[in-house]
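The values are calculated or read from the model by the stated rules, or taken from the named source; none is laboratory data. Since we're looking at a predicted model, the values are computed, not measured. Please note: Cβ atoms are built from the backbone with ideal geometry, for glycine as well, and neighbour counts cover all protein chains shown.
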Amino acid sequence: MSHSAHDILTRVFGYTAFRGDQQAVIERVAAGGDALVLMPTGGGKSLCYQIPALMRTGTAIVVSPLIALMHNQVSALREAGIAAEYLNSSLDFESAKATERMLRAGSLDLLYVAPERLMTPRFLDLLDHLRDMGRLALFAIDEAHCVSQWGHDFRPEYLQLSVLAERYPAIPRIALTATADRQTCDEIIRRLHLGAARCFISSFDRPNIHYTIVEKADPRRQLLNFIRDEIHSQFTRAAGIVYCLSRRKVEETAAWLQEHGIAALPYHAGLPAQTRMEHQGRFLREDGLVMVATIAFGMGIDKPDVRFVAHLDLPRSIESYYQETGRAGRDGLPARAWMAWGAGDAVQQRRMIDSGEGEPGMDYETHRRLARNRLDALVGLAETTACRRQQLLAYFDEDAQPCKNCDNCATPPQTWDATEAARKALSCVFRTGQRYGAGHLIDVLRGELTDRVRDNGHENLSTFGIGGDLDEKHWRMVFRQLVAYDFVCVDHERHNALALTETARPLLRGEASLLVRLPSEKTRSPRRRSRGSSLADIPGGIPTTLFERLRTWRASTAQTRSVPAYVIFHDATLRDIAISRPATQDDLRQITGIGERKLEAYGAEILEIVVACG
């Protein structure tokens, strides 16, 4: 080991101290041990293998699932003066051969490679050569949850990575992910043969993210109000991601936002590859763009200054929600996670689960049960009246105090004990033969003598008129909750008829209760500036003119070097420069994120900007 971990941290990467488990992970891997690392997005996972790669002899092989991630990681490493390359399908034959020659010659510190490329006989022969020459430093398996057949980002080629343990047992391996519940962790350990690995599990909390979930009314208008009132009023040129379930909705939402003055781009798997690449490149390189996308966009997007992530549809699970919202605020600065949801989202997700074919190696009923359990957990998060962060972290077996940085903590919702009303509703569903939709059931409950009620003789039922104390609005809310919590299911082939599920039995028998949140009367999000919610609220403030001048310089520099702006410097580094106003190179050296190579390359220009801004 030619340099200490802390020396590399400060001299190469420009950081003064390790965070969380970073140092322990680095020492474990640098000493030749295996590790499984669960660390939230923005927690510094990359340093956990990049620093050991520079401490150990030879080249570190980093397995990464996405081309965009490789490009950006390699660009950032080169900026820091590290010899890094990648091998993937974006390279032509000659470029790939040149990279392989560099690898064979031992001139690379890190090589990023796609899993399918790693598994080719040609590349395995190269790895054999490095091992035999004593120049294979370590294997890093990034986005390790891709090995889980249950996981939300399953990649079949990741299953083959077990060969690393079998073929190179003396080479340390580190598997990393930001999103994995206990079941997924166990699967990663089993499939990658990491039984001897030490597990490092950091807190899943992202304290800089403010969580908000609203009931769907006019979702596109609600989204626009959110962007205008709570993002643009607080952040300059704020980038964001909006997730939608369908390709059509992606394109319609992007076009609608553009019509209303928001710089938005669509992204989904149905767009031509060249268009997707162009839109992704613009999002990474330009400030202030909003990407409207399906889940085809996201993993591997290393942009640290995404100020918000919004959902117009319910994600598939809490793991998906956590990972997708975690793309906001990777720089540690304030960010927002916003979602509009309705009971119809849960109905649609359950239809998708029930019509699915299951997973390879898993029987259909097991797949269906696990999928429904995950959906129920997400519905519980959307409907909770308690701290959202507490409930989110509890899903990952982590205890937390109320956060004071979510909508429920900021403005506690009003609640209503709907247990008695729910039992009346369920009884009415049963008495009418489980063949009618919510509208007819409400007429029966309220004692409305409509033609349809008379035609079916429902005025003679014991449930006729027993709900006259509630208006139609409240009854619709009750039925929405019953659908959301799966007490009743919707039969779309029978004109949205409602039928009881097994879940309804305890409620009907008086063994369970139903507490629901009352809908807010507000239709427009208020302008809010809670403490810590914007860059301007950070103690000490930020000299806006200098900060913007630095961002303008960074954008120009990044364009010249054909890299994303954050590869030059993160917003957090520019913020610190603007606040501290360094006067010398030694002053700059104290700024987090400025290593020796970047100080040499950009120090003089930065100091000139500081002086010019007085």
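Values computed for the structure shown
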quantity	calculated
Pick from the stretch 418-443, criterion in contact with a Ser or Thr (Cβ under 6 Å, 6 or more places away or on another chain) and hydroxyl-bearing (S, T, Y), ranking: surrounded by the most Cβ atoms within 10 Å (Cβ to Cβ)	S427
Helices (runs of 4 or more DSSP H) within the stretch 175-265 that include 3 or more residues assigned by TED's automatic domain parsing to the domain that holds Q280 and surrounded by 19 or more Cβ atoms within 10 Å (Cβ to Cβ)	219-226, 247-259
Of all residues making up the stretch 555-580, the number that are closer than 14 Å to R237 by Cα and touching a Leu at 6+ places or on another chain (Cβ under 7 Å)	1
Within the stretch 493-544, tally of residues that are among the small types (G, A, S), modelled with pLDDT of 50 or more and surrounded by 11 or more Cβ atoms within 10 Å (Cβ to Cβ)	7
Pairs with Cβ under 7 Å, 6+ apart, first in the stretch 175-192 and under 18 Å from D205 (Cα atoms), second aromatic (F, W, Y)	T179/Y322; D181/F396
Lone unmet requirement of (1) under 30 Å from A328 (Cα atoms); (2) assigned to a helix (DSSP H, G or I) for G43	(2)
Within the stretch 381-390, considering residues that are in a helix (DSSP H, G or I) and touching a residue at least 60 places away in the same chain (Cβ under 8 Å), the one farthest from Q323 (Cα to Cα)	E383
Hey, E85 in contact with a helix residue (DSSP H, G or I) (Cβ under 7 Å, 6 or more places away or on another chain) and in a strand (DSSP E or B) or not	yes
Matching entry among T411, T415 (being loosely packed, with under 15 Cβ neighbours inside 10 Å and touching a strand residue (DSSP E or B) at 6+ places or on another chain (Cβ under 6 Å))	T415
Among (1) under 44 Å from the mean Cα position of the chain (by Cα); (2) among the β-branched types (V, I, T); (3) surrounded by 15 or more Cβ atoms within 10 Å (Cβ to Cβ) - the single one V453 does not satisfy	(1)
Residue identified as out of contact with any strand residue (DSSP E or B) (no Cβ under 6 Å at 6 or more places or on another chain), buried (at least 17 other Cβ atoms within 10 Å of the Cβ) and within 28 Å of E278 (Cα to Cα) among T552, T560, T573	T573
Residues that are part of a loop (DSSP other than H, G, I, E, B), of a type outside the set (A, V, I, L, M, F, W, C) and farther than 23 Å from R480 by Cα, drawn from the stretch 442-461	N456, G457
Residue match in the stretch 205-223 (condition: under 29 Å from M39 (Cα atoms) and free of Cβ contacts under 8 Å to residues at least 40 places away in the same chain)	no
Members of the stretch 55-65 that are assigned to a loop (DSSP other than H, G, I, E, B) and either of a type in the set (S, T, Y) or closer than 15 Å to F123 by Cβ (or both)	T57, S64
Search result, residues across the stretch 468-484 that are in contact with a Gly (Cβ under 8 Å, 6 or more places away or on another chain) and in a loop (DSSP other than H, G, I, E, B)	G468
Top-ranked residue in the stretch 304-343 [being among the hydrophobic types (A, V, I, L, M, F, W, C) and in a helix (DSSP H, G or I); ranked as surrounded by the most Cβ atoms within 10 Å (Cβ to Cβ)]	A343
Cβ pairs under 6 Å, 6+ apart, first in the stretch 463-476 and assigned by TED's automatic domain parsing to the domain that holds L426 and without any contact (Cβ under 8 Å) to a residue 24 or more places away in the chain, second part of a helix (DSSP H, G or I) and surrounded by 15 or more Cβ atoms within 10 Å (Cβ to Cβ)	F464/V444; G468/R446
Q234 touching a residue at least 60 places away in the same chain (Cβ under 8 Å) and not basic (K, R)	yes
Hits in the stretch 172-193 - residues which are closer than 20 Å to L47 by Cβ and over 24 Å from the mean Cα position of the chain (by Cα)	P172, R173
Selected residue [of a type in the set (K, R), under 17 Å from K303 (Cβ atoms) and in contact with an Asp or Glu (Cβ under 9 Å, 6 or more places away or on another chain)] from R589, R561	R561
Conditions (1) within 25 Å of E324 (Cβ to Cβ); (2) assigned to a loop (DSSP other than H, G, I, E, B): number failed by G33	(1)
Pairs, first outside the structural domain of D181 (by TED's automatic domain parsing) and outside any loop (DSSP other than H, G, I, E, B) in the stretch 391-405, second of a type in the set (D, E, K, R) and surrounded by fewer than 19 Cβ atoms within 10 Å (Cβ to Cβ), C-beta under 7 Å, six or more apart	L393/D205
Meets criteria (more than 30 Å from Q391 (Cβ to Cβ), in the same structural domain as G32 (by TED's automatic domain parsing), exposed (fewer than 15 other Cβ atoms within 10 Å of the Cβ) and not acidic (D, E)) for A273	no
Total residues in the stretch 89-117, condition aliphatic (A, V, I, L, M) and not in a helix (DSSP H, G or I)	6
Residue within the stretch 418-427 that is over 28 Å from T384 (Cβ atoms) and assigned to a helix (DSSP H, G or I) present	no
Conditions (1) part of a helix (DSSP H, G or I); (2) at pLDDT 95 or above; (3) hydrophobic (A, V, I, L, M, F, W, C); number of the one not met by A68	(2)
In the stretch 176-215, the residues that are among the small types (G, A, S) and under 28 Å from R307 (Cα atoms)	A178, A180, S202, S203
